[in-house]
Structure formats: C-alpha cells, structure tokens
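See structure below.
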Amino acid sequence: MDIKQVFSTIKHWLWLLILGCVVGGGIGYFVSVRQTPIYQAQARFVILPAAQTTYDYYSYVNNQDLIKTYAQLLTTEELLFQASDTLGFPVRKGQATAQQVDDTKFVVLTVKDPDPFKAATIANGLVEIMISQNEKLQSVQFGAAENNLQTRINQAEEQISVLEAQITQMSDELLQTQIESVQQQMSDVQIQVNNLKTDMAQIYPGLLTVEDINQIDLASLTEEEIAQLTAYQTKLDEIMPILDLYQQIYTELVVLGQTSDTSTRDPNDLERLKTTLNLYQQIYIASINNLETLKLAKAQNTPTVMQVETATKPTVPISPKPTQSALLGTTVGLLVAAALVFLIEFLDDTLKTPDEIKAVLELPVIGFIGELKQNPKKSMDSLGVYVAKNPRSPVAEAFRSLRTNLEYSSVDKPLQAIVITSSGESEGKSTVATNLAIVEAQSGKKTVIIDADMRRPKVHIHFNKPNRMGLSDVVTGKMNIDDVLKTYDQIDNLYIITCGTIPPNPAELLGSERMSQTLQELRKRFDMIIIDSAPMVVSDAQILSSKVDGVVYVIIPGQTRALTAKRPLEELERIGSKVMGVVANKIPRNRDYYYGGYNYYSPYNNHYSYSNESTAPNSEVEPEPKQSATFSSGFEKYQVKDLGKQK
C-alpha cells in the first residue's frame, strides 16, 4: 500500500477515527470528573549519619542503605498505627510514600488524601514520630550494655559502703558476707568471660589455644567475623582487669576472714580492708569510665534526623485531571479506531484500486464507470439509456473512453463481437452493455445489442421494448433475425435483439450450432455486436466467449471479492477465451477510496450534479464542453498507458 492509498484509507474512515476520538475523550472526561479529588502534601527531611574518622566507598554504601532504611521505616504498619493514635484519625497504608532525592541525604515524604488538611497533618506527624522512634532505636541498641555497666556501678557502690563499715566495726559477720558477695560477683564476671570466649571460639575454633588475638590467621576470616572478634576482644579486655581485682579482693577477704577466728587480730587487717576498699573504688571508677565511653559511642553512632521542610496544605488536587484524562481517552479511542480500521481493511478482500485489479486479475482496467443515479426530473428514464439522455455527462465520456480502449486493444484485428459479463449478480453488466452499445452507435457504427441473458433478461427493460420475440426464437428456428430486430428511436444505427421466450435450457441453446450461425449472419450485417450475457456463476458466458472476439469483465470496486472475480477468469483462460479487460462499475462520486486516488469525477462536483446534467441537445441546461474534454483526456491517459503495457 503506497502513501496515496494510505491517505485514501484515512479519508474513507475519517468518520470512524473522529468518532473513536470523541467517544474515548468523552469517556475519559466523564470518568475523571466523577472521581474523588486527591490532594498531595510533601515534607522534606534530612538524615545525617554519625561522624566517621574514615570515609570510603563502603561507608558511602552504608550511608545510602541507612537512608533507604529510614525511608522504608516511614511506611511500616507500626509507625502508621502510632501516627493514627497520635493524630486522632486513621492513616492507611499506601497513603504515604518516601523517596530518596537522587544520591543525597534528603528524603521526600509524600502523603495523599482526599482532605488537604489531613494530607499535610499526616506528612508532618509521620516525620515527628520517626524522629522520636530514631532515639528509641538507638536506645535499644546500646541499652543492654548500659544496664550491665550501671548494675556493676551500683554493686561497687554497695561494696564500698560495706567495706567502709567493716573498717569501722571490723565485724566477722560483715566480713563473711563480704566474702560471699565477692564470690558471687566474681562468679558473674567469670561467666561473662567464659561466654565471650565461647562466642569467640565459635568464630575461630583455634582461638582457645592462642593467648592473643593478634596471633590468629585473619586471612581465613571474613571482614564481618574479624569485626565481631575485635568487639568481643575489646569487651574481654575491659572485663579481665575487673575479674583480677575481684580475685585480689577475694584473696584479701579470705585471708582476713581466716585471721578473724584467732583470739588476737592481725594488726594488718585494717590495712587489708583499706586495700579492698581501694580496689572497689577502682572498679567503681573503671565502670564509670566505661559507661561514659559507651554513651559517647552511642552519641557518635546515632544518625541525626531533622525536618528541613514542613508540609503545607495543598490547594489544587493532583487528581483527577479531566483535561489530561480526556486527552488520554482521545488517544486510546483513536488507537482503538485505527486498530479497527486496520482489522477491517485486513479482512476486506474486495478489489478496490486499479493496481489491485491488475495485480489480482492480471488484466488492465479499460473503463471506470461512475455510479449512475436517476434524474429526479425524468424518473421514468432507464439507466440503460443514460448516455443517450445525458450525452455530455462525465459518465458518457467514461463510456466513450471505454469504446476507445476497446478499439486500441485490438488494432490488427478490429473487434466485431464482444460479450459483456460479470463475476456475479447486480454488478451492472446490462447497464454497461446497453450504454456501450449506444456510444458505439453514436460513433457511426452499425451496432446491435443482443440480450443473451436467458435467465434474467434486462435489455428490453432498459430500452422499454417488448420481449415476446427475441434471440431464443431465432436460435430455435421459430423466427429469423429480421423478425426480432428492434430499433431505438433516439439513436441511429442502433438495433436491439431482446432475449425472447426464456428457454428451460439456456446453456444448450447458446452452445448450439444454430447460435453460431446466427452470430455469423449478424457479423455480415453489423459493424459491432455487443452481447449481454449471464454472470459467470453459470456457464452461459463461457459458451459465448468461444464464439466472439473478446470478453469485457465488469466488477464493482469495493464489493467484488478477489476470489470471486479470479475463479471465472481462470475458467475463461482454460478454454482459450480472450478477455479484453476489466470495467470498474458503480464508482461512487466524491470518493476516491475505491479507485486509489483516480478521482475522475470530483473535478465536476462544483459544476455538475446528476440532477442538472445535460440531457439531449434540446435540453434546457447546456454544460460547458471543456469539462468533458478535460475528463476524457485525463481518463484515457491512464487507460491507454495500461493498454500499451498489455501489448
């Protein structure tokens, strides 16, 4: 399909494309205006990771992951539930979405709600709740270590108080209680040491035989395992000095307790208690230092979440957007209509353009006959004598061009007898035959038109002649040719032989020797014999084609199917009949779709209408002859070109 045919197809189906656009746009607009308006509010906050001594690619990746984690935290059900309790109205999942701004530390929180006030309130509330949740998350991370250190500090304070009392009273009961307390504390610390060593052994089994962590082979461990071992060793280094102090305290207390059973006290008992008190004071100071170090680490590792832009109440809804919805619906409607047009064109196997006709039927198009319409002022006129009534109309020029093309198609052996047939019924072959006979007679040739359609004869109707006697009576021997010859008063040199009595066996009658003799006699008396035959759905045209000089094949572009038109031609080819060409009949005016841009009639649309076309020479309206000449010139140019190729 060339570009001209594409534009012709678009022009033909333009109404459907426009209808698709209108319907699609209308549906899009109607659906859009009936939707509930949705408002959108946005709050912007920044996540600042904790300060780091080193900064590399892995730190950058960790920071980006941290920001994404906080963005996901905003949409968790627990946070939304807490926001619902805080704000006093439900916050549904899917209302809030958080998105990191490119590769920055900024996060945009977007909230959608039918109420613009609620949209802004939810956005600001979620950010505030997340900031508070951030502190709680960090408290959970360092809470266990803080509790252990605080417990140890409290125990050290208690022991210091007890020792100070012992120094004052030197009581054996207090000393024994102190020993048991030290044993319990020393046991707890030992359990912590054992647990740390067990955890380290699970990571590196050979660590139990190594005194220092620096002596192990780190190449066999992953970075995460090395980090865990380092953390465990750090905790172990913090706990072991405390365990040593407890052991010294226990030793001192045991020695003090053993001497207390004697009748006389060792003068050094007081010194031992003071030494123990000093050790507890060291434990207390060490625990205080560790707690402060832990708090510092907590502060250094806690990212800062800070809101930099509060959400404001939106004034314009983000949806629906009737204009955009209408445009989208129009686009969808156009695409659907275009797909429907494509499907219709794809499934349509009718012959439309001259190029298609030549490609499928392998025959030239020798005539383009426009669609004939009755003149309202002369409704009794038959379309079969249209050329006689409208001699200067474009249709009359089309039939004259057909006559010229037939003459050019056989220069060496002029045509004398031709059969007019078609692939099926109601394709206008009889109208073509009668009007062609008229233009042949107008050219000065003695012409006879024979109605050989002995199934549905039409010629006598077109010329308004009786059909009591005709061809069938001549072939059967009941009458001779002169008895059935009729004339048409308005056209000289035109003679008519109607069908006559309809026989029960038309095919046998047309194929008889008597029919051949009748045609031979008519050849001697007439210059042109035009035979209107039955359509190719029966064998009448095939029989007659072997008795004449050529066959003219009539189709209707846009209605005649390719397969329907092709099969009869194959039958004519098998019997050796000569098909002169194809006549495209009943072409609609003002529509070049069915003949591929060869708009032969449109130049006359501004000057002609079939209601005011010229009739006879004595008609009231005389058209300008220039228009007919222009039409004939342009019309014959294309057809003569095809005939030249055929030769």
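The values are calculated or read from the model by the stated rules, or taken from the named source; none is laboratory data. Keep in mind it's a predicted model, so treat the numbers as computed, not measured. Quick reminder, even Gly has a Cβ in these numbers, built from the backbone with ideal geometry, and neighbours come from all protein chains shown. Heads up: the accessible areas ignore ligands, DNA and RNA and are worked out on the full protein's heavy atoms, side chains in. Shrake-Rupley method; radii C 1.70, N 1.55, O 1.52, S 1.80 Å.
With a 1.4 Å probe rolled over the protein heavy atoms of all chains, the accessible area of 237, 102 falls in the order 102, 237, largest first.
Taking each of 429/465; 352/547; 352/389; 465/578; 358/458; 68/321 in turn, the alpha-carbon distance tops 25 angstrom for 352/547; 352/389; 465/578; 358/458; 68/321. Within segment 325-339, name every residue whose backbone N is under 17 Å away from a label modeled 7 Å from Cα of residue 16 along the Cβ vector. Only 332-339 fall inside the zone, counting backbone N under 17 Å. So if we plug the beta-carbon distance of residue 467 and residue 508 into 1/(1 + (r/R0)^6) with R0 = 22 Å, what FRET efficiency do we get, rounded to 0.05? The value I calculate is 0.60.
In order along segment 398-403, phi translates into HN-Hα couplings of 5, 5, 5, 5, 4, 4 Hz, rounded to whole numbers, per the Karplus curve 6.51 cos²θ - 1.76 cosθ + 1.60 with θ = phi - 60° and x for Gly and Pro. Inter-label distance, residue 327 to residue 44: 2.6 nm, where each label sits 7 Å from its Cα along the C-beta direction.
Structural descriptor for segment 448-575: relative contact order 28 percent, calculated from alpha carbon pairs under 8 angstrom and at least 6 residues apart.
With each label modelled as a point 7 angstrom along the Cα→C-beta vector, the residue 103-residue 86 pair spans 3.3 nm.
Which whole-number percent gives the relative contact order of segment 376-512, counting Cα pairs below 8 Å spaced six or more residues apart? After rounding, I find 25 percent. For segment 542-566, list residues with backbone N below 18 Å from a point placed 7 Å from the Cα of residue 344 toward its Cβ? Answer for segment 542-566: 557-561.
Legend: Rg and Dmax of segment 470-534, from Cα coordinates, 11.9, 35 Å.
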